[in-house]
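S.K.: There's a structure below that I have some questions on.
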Amino acid sequence: MTTTATSPPPTLHEPDPAAAPQPPRRRLPAVLVAPTLLVLVAALGYPIGWQVVTSLQKFGLAQQFGRPPEWVGLDNYRALLTDTDLWVVVGRSIAFCLICALVTVGVGLGLALLMGAVGRAARLVLQVALLLAWAMPVVASMTVWTWIVNWRNGLLNWLLERVGVDAEGHNWLVQPVSFFVVAAVIVVWMSVPFVALSIYAGLTQLSPEVLEAAEIDGAGGWQRLRLIILPLVRPVISIVLLLQLIWDLRVFTQVKLLQDAGGVANETHLLGTYIYQLGTGAGDFGTASAVSILMLVLTVAISWYYVRSLMKEEPR
Amino acid sequence: MNSSTRSARGALVTLVTWILVLIFFFPVLWMFLNGFKPESLASSINPSFIFKPVTEGYQLAMDRGMAGYLQNSLTAAVTSTIISVLLAIPAAYALSIRRVKNVQNSLSFFISTRFMPLAAIVLPLFMIFKTVGLLDNIYVLAIVYGAMNLPVTVWMMRSFLLEVPFEIIEAARVDGAGMFREIVRIVLPLVLPGVAAAALISFIFAWNEYFLALLLTSSAARTTPPFLGSFVDGRGQFLAVLSAAATIAALPVIIAGWVAQKQLVRGLSMGAIK
């Protein structure tokens with residue numbers, strides 16, 4: 001750690017656990033963490049182990065009813081390599097996740113800046129609205145969203161009719177492209193509150209003196225944003241962006257419920273629903289497990305950088 | 001910049017804010033309104049804002065056994081919150097105040113589990129519980145939720161604990177307080193708002209969770225989200241009853257969000273920033 005080099009020598013007021021030998025107590029913290037570690041290993045480690053093993057087996061419906069699975073080595077993975085369906089889903093998931101995450105963070109940043117610029121009353125109301133949208137059970141807000149885009153009695157078509165577009169009876173969920181536009185709007189709507197509130201919390205940490213000084217020096221609004229505000233909240237932005245990338249990669253509920261509401265499932269799968277359908281629909285647990293491992297690797301690849309950068313910023 | 005353009009800009013900013021408020025608030029409002037409409041009006045082609053409220057939707061939702069699903073949701077959310085908070089307090093303490101040797105490693109491990117794609121572990125969970133006959137058991141679901149929320153809870157609590165001034169803890173130690181006393185009597189009271197925020201967020205996650213509930217429960221232990229999801233179809237029917245049910249499901253979370261607004265915002269950003 002670089003911090004050890006720069007930190008001041010331990011004083012009397014700052015007992016350094018490494019420096020002060022307390023034999024019976026040294027093990028205590030480990031005991032405190034142990035239950036949590038155990039639970040996590042049991043709840044996450046075991047399933048992943050199962051997943052790895054199953055991905056090397058032929059594990060279909062028969063195995064669900066007790067027939068011993070057949071060991072096939074890397075066959076499932078080999079089959080995946082040539083499975084165009086899968087790669088379409090993977091590509092689609094990555095594109096969907098990139099677009100959603102970028103739009104979410106962009107809109108969230110805009111909202112955060114707005115909260116900083118607007119009066120107290122309006123800001124409070126906006127904060128409450130954001131919090132409501134964040135806290136709403138996903139399934140509950142999906143009930144409204146599926147109504148908004150419903151072809152028969154939805155709000156979207158009704159509004160379009162009012163402004164003179166002939167949208168009567170148009171089903172937005174049948175075409176994959178409009179399906180994903182709808183899904184992206186919903187996902188962004190649901191994730192923006194978290195991003196906006198986090199970035200706004202970061203903005204409030206900026207000292208007003210710095211901004212005032214910049215204003216006195218003649219920096220315009222755009223310059224202040226680009227040269228002072230953005231660099232200072234960059235850590236927050238990069239963290240929420242990465243979190244968003246990871247969360248949007250594993251989006252499930254919104255896509256599943258939009259499929260239930262009229263989407264063509266086979267043309268609109270993302271990784272989450274694809275695995276779900278492979279496992280519970282087709283009963284092909286071997287392939288499903290292999291796809292899950294692939295998704296895990298993808299997630300680790302994205303989050304690796306995040307964990308690393310977070311560790312670097314960790315004080316003390 | 002003269003004052004009139006400045007005030008014009010201020011008005012514009014305020015206007016934009018209110019439009020955004022509307023965008024984020026509309027679905028919530030619409031769900032609430034629809035719950036009080038008769039079915040024919042709710043699924044009508046023309047949206048209506050003014051109507052004579054009826055409780056038909058709520059009655060229908062209750063007739064469909066909503067109370068049982070709510071009770072399951074409550075059991076799962078409360079049990080899992082208790083599990084994750086009870087485990088997280090000592091862990092967070094050992095990662096902040098009385099540190100374990102490899103804080104960095106333990107922390108990396110906690111954060112990395114937070115990124116676990118749910119889809120990557122649901123099938124094993126399903127198969128494991130199926131084999132041992134524990135599918136459709138609400139306490140099993142609660143334990144899974146507790147484990148799922150644990151990393152976030154530890155992470156958030158740790159960031160609150162880091163803010164406890166060391167002098168206070170030291171003073172307690174000088175007075176001869178044991179570790180248990182130190183945690184319960186000194187540290188916890190100081191970070192109580194933080195603990196509440198972490199507990200609330202973990203409650204909300206469990207209350208709203210859909211994917212695991214869909215897979216691991218079927219009837220006896222079914223929670224509210226999959227029950228709501230089962231209404232969604234392509235014809236846009238049952239809007240009144242669905243909205244009523246969704247309103248009931250959202251109510252506890254919305255009330256909690258309203259009451260604990262400050263702590264929630266802080267807890268959320270703590271989880272992300274720190």
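S.K.: If residue A:233 passes every condition in (1) more than 21 Å from residue B:209 (Cβ to Cβ); (2) surrounded by 17 or more Cβ atoms within 10 Å (Cβ to Cβ); (3) at pLDDT 85 or above; (4) more than 9 Å from every other protein chain (Cβ to nearest Cβ) but one, which one does it miss?
M.R.: (3)
S.K.: Within region A:174-194, restricting attention to residues that are within 9 Å of chain B (Cβ to nearest Cβ) and modelled with pLDDT of 90 or more, which residue is surrounded by the fewest Cβ atoms within 10 Å (Cβ to Cβ)?
M.R.: A:189
S.K.: Then there's this: Looking only at region B:5-39, filter to residues that are modelled with pLDDT of 85 or more and of a type in the set (Ser, Thr, Tyr); which one of those is surrounded by the fewest Cβ atoms within 10 Å (Cβ to Cβ)?
M.R.: Once the filter is applied, the top-ranked residue is B:14.
S.K.: I'd like the residue in region A:261-279 that is in contact (Cβ under 8 Å) with a residue 40 or more places away in the chain and of a type outside the set (Gly, Ala, Ser) and, out of all such residues, is nearest to the other protein chains (Cβ to nearest Cβ).
M.R.: Only one residue fits best here, namely A:271.
S.K.: Pick from A:282, A:290: which is aliphatic (A, V, I, L, M) and surrounded by 22 or more Cβ atoms within 10 Å (Cβ to Cβ)? Before you say what the answer is, go through the steps one by one.
M.R.: Values: A:282 fails: surrounded by 22 or more Cβ atoms within 10 Å (Cβ to Cβ).
Exactly one residue qualifies, and that residue is A:290.
S.K.: Here's a check for you: in region A:146-165, which residue that is facing chain B (nearest Cβ under 7 Å) and touching a residue at least 60 places away in the same chain (Cβ under 8 Å) is nearest to residue B:248 (Cα to Cα)?
M.R.: A:146
So that you can scan it fast, the table gives a plain yes or no per residue for (1) within 22 Å of the chain's Cα centre (by Cα); (2) under 19 Å from residue A:117 (Cα atoms); (3) among the polar types (S, T, N, Q):
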| residue | (1), (2), (3) |
| --- | --- |
| A:209 | no, yes, no |
| A:218 | no, yes, no |
| A:235 | yes, no, no |
| A:238 | yes, no, yes |
| A:247 | yes, no, no |
| A:254 | yes, no, yes |
| A:279 | no, no, no |
| A:297 | yes, no, no |
| A:300 | yes, no, no |
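S.K.: So is residue B:192 surrounded by fewer than 19 Cβ atoms within 10 Å (Cβ to Cβ) and within 16 Å of residue B:86 (Cα to Cα) or not?
M.R.: Considered against the rule, which asks whether it is surrounded by fewer than 19 Cβ atoms within 10 Å (Cβ to Cβ) and within 16 Å of residue B:86 (Cα to Cα), residue B:192 comes out as yes.
S.K.: Please find, among A:54, A:82, the residue that is touching a residue at least 12 places away in the same chain (Cβ under 8 Å) and polar (S, T, N, Q). Walk me through how you get there before you give the answer.
M.R.: Numbers: A:82 fails: touching a residue at least 12 places away in the same chain (Cβ under 8 Å).
Matching residue, one of A:54, A:82: A:54.
S.K.: While we're on this one: Return the total of residues in region A:26-60 being of a type in the set (A, V, I, L, M, F, W, C), more than 7 Å from chain B (Cβ to nearest Cβ) and under 26 Å from residue B:154 (Cα atoms).
M.R.: Total satisfying the criteria: 6.
S.K.: I need the full set of residues from region A:140-176 which are polar (S, T, N, Q) and assigned to a helix (DSSP H, G or I), in order please. Spell out the reasoning first.
M.R.: Of region A:140-176, the ones polar (S, T, N, Q) are A:141, A:143, A:146, A:150, A:153, A:157, A:171, A:175.
A:141, A:143, A:146, A:157 - these are the residues of region A:140-176 that are polar (S, T, N, Q) and assigned to a helix (DSSP H, G or I).
S.K.: Among the residues of region B:205-214, is any surrounded by 19 or more Cβ atoms within 10 Å (Cβ to Cβ), polar (S, T, N, Q) and at the interface with chain A (Cβ under 10 Å from one of its Cβ atoms)?
M.R.: Checking region B:205-214: at least one residue is surrounded by 19 or more Cβ atoms within 10 Å (Cβ to Cβ), polar (S, T, N, Q) and at the interface with chain A (Cβ under 10 Å from one of its Cβ atoms).
S.K.: Something else: Could you tell me which of the residues B:81, B:113 is within 20 Å of the chain's Cα centre (by Cα), modelled with pLDDT under 85, buried (at least 17 other Cβ atoms within 10 Å of the Cβ) and among the β-branched types (Val, Ile, Thr)?
M.R.: B:113
S.K.: Take the residues in region A:195-208 that are part of a helix (DSSP H, G or I) and hydrophobic (A, V, I, L, M, F, W, C), then tell me which one is nearest to the other protein chains (Cβ to nearest Cβ).
M.R.: A:201
S.K.: In region A:52-74, how many are in a helix (DSSP H, G or I), surrounded by 17 or more Cβ atoms within 10 Å (Cβ to Cβ) and either in contact with a Phe, Trp or Tyr (Cβ under 6 Å, 6 or more places away or on another chain) or modelled with pLDDT under 85 (or both)?
M.R.: Adding up the residues that qualify gives 2.
S.K.: Further question on the same structure: Out of curiosity, is residue B:74 of a type in the set (A, V, I, L, M, F, W, C) and either farther than 30 Å from residue B:184 by Cα or more than 20 Å from the chain's Cα centre (by Cα) (or both)?
M.R.: No.
S.K.: Could you identify the single residue in A:245, A:257 that is assigned to a helix (DSSP H, G or I), surrounded by 14 or more Cβ atoms within 10 Å (Cβ to Cβ) and more than 9 Å from every other protein chain (Cβ to nearest Cβ)?
M.R.: A:245
S.K.: Please give the number of the condition residue B:140 fails out of (1) surrounded by 21 or more Cβ atoms within 10 Å (Cβ to Cβ); (2) under 24 Å from the mean Cα position of the chain (by Cα).
M.R.: Result: residue B:140 passes all but (1).
S.K.: For region A:107-123, how many residues meet the condition of being part of a helix (DSSP H, G or I) and over 26 Å from the mean Cα position of the chain (by Cα)?
M.R.: Counting residues in region A:107-123 that are part of a helix (DSSP H, G or I) and over 26 Å from the mean Cα position of the chain (by Cα) gives 4.
S.K.: Quick check on this structure: which one of B:256, B:199, B:245, B:220 is at pLDDT 90 or above and within 11 Å of chain A (Cβ to nearest Cβ)? Before the answer, list the steps.
M.R.: Values: B:256 fails: at pLDDT 90 or above; B:199 fails: within 11 Å of chain A (Cβ to nearest Cβ); B:220 fails: within 11 Å of chain A (Cβ to nearest Cβ).
Answer to the check: B:245.
S.K.: Could we say that residue B:166 is surrounded by 15 or more Cβ atoms within 10 Å (Cβ to Cβ) and at pLDDT below 85 here?
M.R.: So residue B:166 does not fit the description; no.
S.K.: If a residue must be in a helix (DSSP H, G or I) and either modelled with pLDDT of 80 or more or among the aliphatic types (A, V, I, L, M) (or both), how many such residues does region A:282-316 contain?
M.R.: Final tally of qualifying residues: 21.
S.K.: Further question on the same structure: Residues in region B:55-69: is at least one buried (at least 21 other Cβ atoms within 10 Å of the Cβ), under 24 Å from the mean Cα position of the chain (by Cα), within 28 Å of residue A:197 (Cα to Cα) and in contact (Cβ under 8 Å) with a residue 12 or more places away in the chain?
M.R.: no
The values are calculated or read from the model by the stated rules, or taken from the named source; none is laboratory data. Source: prediction; values computed, not measured. Quick reminder, even Gly has a Cβ in these numbers, built from the backbone with ideal geometry, and neighbours come from all protein chains shown.
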